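The values are calculated or read from the model by the stated rules, or taken from the named source; none is laboratory data. Everything numeric here is computed off the predicted structure, so don't read it as measured data. Cβ sites come from the backbone with ideal geometry, for glycine too, and all protein chains shown count toward neighbours. Just so you know, the surface numbers come from the protein's heavy atoms only, side chains and all, with ligands and any DNA or RNA stripped out. Shrake-Rupley method; radii C 1.70, N 1.55, O 1.52, S 1.80 Å.
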Amino acid sequence: YVRSAANGIVEVTRPAPQVIGPGTIEVALDLQPQLEILQELPDTYLGMIGGLEHAASALQATLHYSVKSQASTIPTGILVMDLDRGGGRIPGDDAASGIEDALTRVGYNILAIPSNDSIIGIDDADLITVIRNNYSPKIKRIIIGQARISSFEKSGDSYLVKVSGSAKVADLPTGTILYSASDIKWSRASGADSAISAAFKGLGETIGKEIA
């Protein structure tokens, strides 16, 4: 509850938003303390008091607002590798492609960085340093991660694939991790390669939407 100033104006400062997207603020007039005083009046005034209560309860409004992230304006690179169950790299970077698709749809400025075998097993800090040395100042943020096949089986005339993965968003100049996301995705297709590709790309799109 907030009280108006002497001039009748109510001012409210909302805390910094924690999530992006649409939101609402419900505003209503609270006259309960004044109405309680009126209850002491004779019964002949009950009708008028009831009318005032009804009028007060009708004085409310819903204010709509939207929080937009500035992250989409920051040049961002993506380096997310697809791995098989043994940890070997699968060419194609479909998970990275899925993340890129999800982010470009909402206006992100994306640079896809192709993966290679030399970065398998490098820890996050060293990988960020490598990317900084090669791509700064072209990009200011980097999305790094891995996606791996965790289940693969032939079921009748189709192939069923499960992949899991995670990605981290880092500030490239400082190496600070700003956000992380992880998920799993299943895919079924008549061909093994199609099922694997769809699973990785679907996983990337899900993670990309969460990052966005």
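Taking Cα atoms, how many degrees apart are the long axis of helix 46-58 and the longest axis of the chain, rounded to 10 and kept between 0 and 90? Once rounded, the angle reads 20 degrees. Quick note on the chain: its Rg to Rh ratio, both from C-alpha atoms and Rh being the Kirkwood radius, is 1.29.
If both residues of a DSSP beta bridge must be in the chain, then about 75% of such bridges are antiparallel.
If the segment from Ser151 to Glu26 were pulled out straight at 0.36 nm per residue, it would be longer than the present Cα-Cα gap by 40.2 nm.
Expressed as a whole percent, the accessible surface of the chain that belongs to carbon and sulfur atoms is 53, based on a 1.4 Å probe. Restricting the calculation to Cα atoms, the range 67-146 yields a radius of gyration followed by a Dmax of 13.1, 42 Å. The residues Leu178, Leu103, sorted by heavy-atom accessible surface at 1.4 Å with ligands and nucleic acids left out, run Leu178, Leu103 from largest to smallest.
Helix 192-211 and the longest principal axis of the C-alpha atoms of the chain enclose an angle of approximately 40°. Ellipticity at 222 nm from helices only: DSSP H runs of n ≥ 4 in the chain, each -39500 (n - 2.57), divided by the residue count, give -9500 deg cm²/dmol.
Residue ranges 11-23, 139-151 sort as 139-151, 11-23 when ordered by packing (mean number of other C-beta atoms within 10 Å per residue, highest first).
What angle, in degrees between 0 and 90 and rounded to the nearest 10, separates the Cα long axis of helix 94-104 from the longest principal axis of the Cα atoms of the chain? Once rounded, one gets 40 degrees.
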